[in-house]
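Trainee: Dropping the structure in here first, questions after.
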Amino acid sequence: MDKWNRLKNRLNDPSIDFQERIFLLFTMIAEGSVFLVLIADILLGENIVEIAVLLGTVILSPIVALFCLKKHKTKIGSIIIAFSVVFVIMPVTFFFGGGMYGGALIWFSFAYLYIGILLQGKWRFVMLTFLTVLAAAEYYIAYHYPEFIVPHSNAMFYLDSIVSVILIGLVIYIMVWFQNKLFIAENIRAKKEAEKVEELLLAQNRFFSSMSHEIRTPINTIIGLNEMILRENISDEVAEDASNVRSASKMLLHLINDILDMSKLDSGQMQLSPVNYKPGDMLSDLVGMLWIRAKEKGLEFRVNVSPDLPYELTGDEVRIKQILINVVNNAVKYTEKGSVSLSVECGSSENGKLNVIYTVTDTGIGIKKENIPYLFTAFRRVDERNNRHIEGTGLGLSIVKQLVDLMGGKITVNSIYTKGSSFVIEIPQKAASDKKIENINIKDQHESGFNTAYQQKFEAPEARILAVDDNASNLLVITKLLRDTRVRVDTAASGAEALNKTLATNYHVIFMDHLMPEMDGIECLKIIRTQIGGKCRESKIVALTANADSQSRALYEREGFDGYLAKPVSGEEIEKELCRLLPKDIVYMSSSNAEILEETVSWMHSERRKSELAVTTGSVADLPGELAKKYNIAVIPHKICTKNGRFKDGQEIDTDGLLGYIKKTNDNVTAEAPDVKEYEDFFAKQLSGANNIIHFSISSAITNSGWNAAKEAASAFDNVTVIDTGLLTSGQGLIAAKVSRLYSRGMSIKEIMDNIEEIKAKVNTSFIVEDLDFLARAGHISQRVSALTRSLMARPVIKMKKGRLRVDKIYFGTRERAWKRYIDHTLSQSHDIDDEELFITYVGLTSRELESIRKMTEAHIKFKNVYLGKASPAIAVNCGEGSFALIFSYKYTP
């Protein structure tokens, strides 16, 4: 009884894998059924072979099942038993149990049921196939070779059949009943778990609400009393302290709001409250809250505002401000040096709403490409190992994403690891005023909040500084530069004297010269760090040296210095370094609000405003310079590789120089695409002036096209799209120009992307070459084809077909005759050709030959714009002299 109860409990235990319980039940039922069949076969006098196989099954099956259950290998057990059923039990019972006139026919249903329920994945399909094939084979043998079947009498057939029907029926009934029972139990358990989760969420919401209320009460007192202090006639130091308290209190309140809002967002209770607000006031308040944190880290913090931004907008000011605080604060946290900037500008208008674009850019640590998908996940911090020292809840960006989505906006991220990040936030809002913000004086709105007469940057009378230098003049300079900060400065003329002082006094910061007699700065640093009884083992030590090269900086970083300053050094640089390194509780910042805002807020001039879209391409696009300039299309250079080095295509080497070099040296010159890092740097630079990039790449099917590198680099940016044009040379450039023209005429980015495939399909790219030697050398055409065309003195026409280079036609005769036939054929359907522009891209042709080609084209169609351009060196190295291409587009209506 105890064993039965344990077995029953195991079958009903939800902690045991569902498939394991099904395996246990099915094995028990099957074992019982086979045992009953064995008894019936013995009583009915069945064939001894069938009885032996069934007896072996009764003995071995439980052993296999128990072993697999004990080792939690039920999948293997199911496969073993299925093999036994399909390849042993079913054939034996069929051939030795009467064939078509026995119970084996009914047991086929059992075999299919076993495979369908217990096997998974590919094994289910494999065993199902084997079973079906063997069943068909057994039927075939029974029909054509009945002598292989051990016959049953009519009475035996009926008895065998009825036993099989009853047993199989019971097996199917029990299995269906048990599965339904398990499903019902799992459903009930899932509902209970869901209720528990819901109760936990409700408890969490109650806790957050209670916590918010309890913390808001004392904060409200602090902010209120602090405001009263600010209204009094107080000293500059008190005014700054009070301003810092106000900013810190607002930041603390902001963090509390984040926690509460996360709870609201999770429960779907977040509601937007659109109001009319002045973005200038909001930005001023934002500056007042965040500049202190930036200044504490020695960061430059600037806000750039487009003058055409409406003076008043309609939106949820509180939530927009919360979004910006979170993103800017995040940028400050993850930036150790450099700058953080916030740019605000107007985008496109749609359905009466203006798309306001906020761009937050930093020079911080950046984000690894593999971490970007998890950036907006709550309670998850990317690159936890390297960022463990940075404070934060892990909620900020998750809240930002949900709030932006709630407002119908979008947020994109562009980042290069170790170089910085850019967050672009687009939020549609209504313009509540026709008046523009223009050059509104933000600082006037906060003059009353700060005492602007206070000019001192900071004071730190409790700070103890040690300057170590063997030059007395240098020590005097440092002492004088820091005099107004009220920092207490001690000096040491040697490493030995410094060690005596660090043994007696705890210095917050030590400025250490490197090259000193007897003991240099690095050696002194290492002794201070391990000095027995020393009081400066944890002090910040800055290298203050005349060694100003990048290798020296790297050396000091490796040796463990906390900072680096190069002589000659200014008072501002020393003060900034002290602000970064001194304990914050002993540094008293003294910048006035007017200075803060003057340092921080600027207005965007028209040339600094970001465009919505930047179109880019590679130098192999052979884009005419006037078109690149007209549409501001940025071009990344490919490289030409020779024995003498690698040169940037079109910048460090030109086509004529390359052809001359090849003639002179017969060197095997190759073209090389930019690598991933070069593409990342290129995209990052272009995104400083645009919110989105569409980059047109040469056909990905071309060897070393750069498409894969560009695609991988684009994965670091949310709003960089790489398009495989499937084309070569100016065909790629023509698409870039065409898309730029469509965008300038008002087509949106979405419309461009929706139509890009049709735009690509309309572009014709082909070129005629003197021979195929250059293409064969580059691996685009086989050597055999090249040799054949050369022997026939043929002039092949190369065309892009499905992204690959193919020989389209071959012309014989003189060069001019071949050219004319090529032009006649290419421009034969002149009524379908768009006459906007024709690119004639050539290699090694004279002006007379070019004029002849131009006249031949005009005989068919007069293009509005004909651009004659030398092919880039990267293209020329593949085509050779005497080549030219006709690039144009067929008519296209968006």
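Trainee: Tell me, yes or no, whether segment 72-91 has at least one residue that is over 24 Å from A137 (Cα atoms), among the aromatic types (F, W, Y) and either touching a Ser or Thr at 6+ places or on another chain (Cβ under 7 Å) or modelled with pLDDT of 75 or more (or both).
Mentor: No, because not a single residue in segment 72-91 is over 24 Å from A137 (Cα atoms), among the aromatic types (F, W, Y) and either touching a Ser or Thr at 6+ places or on another chain (Cβ under 7 Å) or modelled with pLDDT of 75 or more (or both).
Trainee: Name the residue, out of G408, G338, that is over 23 Å from A684 (Cα atoms), out of contact with any Lys or Arg (no Cβ under 6 Å at 6 or more places or on another chain) and modelled with pLDDT of 80 or more.
Mentor: G408
Trainee: Only residues that are aromatic (F, W, Y), surrounded by 11 or more Cβ atoms within 10 Å (Cβ to Cβ) and either over 53 Å from the mean Cα position of the chain (by Cα) or modelled with pLDDT under 80 (or both): list them for segment 144-182, please.
Mentor: Result: F148, F157, Y158, F178.
Trainee: Within segment 294-318, can you find the residues that are surrounded by fewer than 23 Cβ atoms within 10 Å (Cβ to Cβ) and in a helix (DSSP H, G or I)?
Mentor: Scanning segment 294-318 gives K295, E296, E317, V318.
Trainee: Sticking with this one: When both residues are 6+ apart or on different chains and their Cβ atoms are under 7 Å apart, which pairs have a first residue that lies in segment 347-362 and is open to solvent by 70 Å² or more (accessible area, probe 1.4 Å), and a second that is part of a loop (DSSP other than H, G, I, E, B)?
Mentor: Hits for this filter: S348/E612.
Trainee: Okay, moving on. Quick check on my filter: what residues within segment 805-837 are under 29 Å from R777 (Cα atoms), open to solvent by less than 60 Å² (accessible area, probe 1.4 Å), of a type outside the set (S, T, N, Q) and under 48 Å from the mean Cα position of the chain (by Cα)?
Mentor: L805, V807, D808, Y822, I823
Trainee: Looking at (1) outside any loop (DSSP other than H, G, I, E, B); (2) farther than 24 Å from E672 by Cβ; (3) at pLDDT 85 or above, which is the only condition G733 fails?
Mentor: Failed condition: (2).
Trainee: Evaluate the following for S786: is it of a type in the set (S, T, Y) and either in contact (Cβ under 8 Å) with a residue 24 or more places away in the chain or in a loop (DSSP other than H, G, I, E, B) (or both)?
Mentor: Considered against the rule, which asks whether it is of a type in the set (S, T, Y) and either in contact (Cβ under 8 Å) with a residue 24 or more places away in the chain or in a loop (DSSP other than H, G, I, E, B) (or both), S786 comes out as no.
Trainee: Can you tell me which residues in segment 479-509 are part of a loop (DSSP other than H, G, I, E, B) and either within 17 Å of A460 (Cβ to Cβ) or not polar (S, T, N, Q) (or both)?
Mentor: Of everything in segment 479-509, those that are part of a loop (DSSP other than H, G, I, E, B) and either within 17 Å of A460 (Cβ to Cβ) or not polar (S, T, N, Q) (or both) turn out to be L482, R486, V487, A493, T505, N506, Y507, H508.
Trainee: What are the residues in segment 321-335 that are under 23 Å from A684 (Cα atoms) and either open to solvent by 10 Å² or more (accessible area, probe 1.4 Å) or part of a strand (DSSP E or B) (or both), if any?
Mentor: N326, N329, N330, K333, Y334
Trainee: Would you be able to tell me the number of residues in segment 743-772 that are open to solvent by less than 40 Å² (accessible area, probe 1.4 Å), under 17 Å from T893 (Cβ atoms) and either modelled with pLDDT under 85 or part of a loop (DSSP other than H, G, I, E, B) (or both)?
Mentor: So the answer is 1.
Trainee: Among (1) open to solvent by 40 Å² or more (accessible area, probe 1.4 Å); (2) over 14 Å from L734 (Cβ atoms), there is one condition Y890 misses while meeting the rest; what is its number?
Mentor: So the condition that Y890 fails would be (2).
Trainee: Which one of these does Y417 not meet: (1) more than 30 Å from F682 (Cβ to Cβ); (2) open to solvent by 20 Å² or more (accessible area, probe 1.4 Å); (3) at pLDDT 80 or above?
Mentor: (1)
Trainee: Consider D667 carefully, then state whether it is touching a Lys or Arg at 6+ places or on another chain (Cβ under 6 Å), of a type outside the set (S, T, N, Q) and either at pLDDT below 80 or over 30 Å from Y374 (Cβ atoms) (or both).
Mentor: Yes: the conditions hold for D667.
Trainee: Only one of T721, T703 is among the β-branched types (V, I, T) and open to solvent by 60 Å² or more (accessible area, probe 1.4 Å). Can you tell me which?
Mentor: The match here is T703.
Trainee: So, one more: Given segment 607-654, what strands (runs of 3 or more DSSP E) lie entirely inside it while holding 1 or more residues that are free of Cβ contacts under 8 Å to residues at least 24 places away in the same chain and closer than 30 Å to I357 by Cα?
Mentor: So the answer is 634-636.
Trainee: Could you tell me whether any residue of segment 532-542 is hydrophobic (A, V, I, L, M, F, W, C) and within 18 Å of L555 (Cα to Cα)?
Mentor: yes
Trainee: Quick check on this structure: which one of F18, F96, F110, F26 is surrounded by 20 or more Cβ atoms within 10 Å (Cβ to Cβ), among the hydrophobic types (A, V, I, L, M, F, W, C) and modelled with pLDDT under 75?
Mentor: Result: F26 is the single residue among F18, F96, F110, F26 that is surrounded by 20 or more Cβ atoms within 10 Å (Cβ to Cβ), among the hydrophobic types (A, V, I, L, M, F, W, C) and modelled with pLDDT under 75.
Trainee: Which residue pairs have Cβ atoms closer than 6 Å, lie 6 or more positions apart in sequence or on different chains, and pair a first residue in segment 659-681 that is over 14 Å from V843 (Cβ atoms) with a second residue that is among the β-branched types (V, I, T)?
Mentor: Note: pairs meeting the criteria are D667/T642; P674/I636; E680/I416.
Trainee: Give the residue, chosen from S697, S688, that is of a type in the set (S, T, N, Q), open to solvent by 40 Å² or more (accessible area, probe 1.4 Å) and closer than 28 Å to K368 by Cα.
Mentor: S688
The values are calculated or read from the model by the stated rules, or taken from the named source; none is laboratory data. In this text, all values refer to a predicted model and were calculated from it rather than measured experimentally. We place every Cβ from the backbone using ideal geometry, glycine too, and count neighbours over all the protein chains shown. Note: accessible area is taken over every heavy atom of the protein model, side chains too, but ligands, DNA and RNA are not part of it. Shrake-Rupley method; radii C 1.70, N 1.55, O 1.52, S 1.80 Å.
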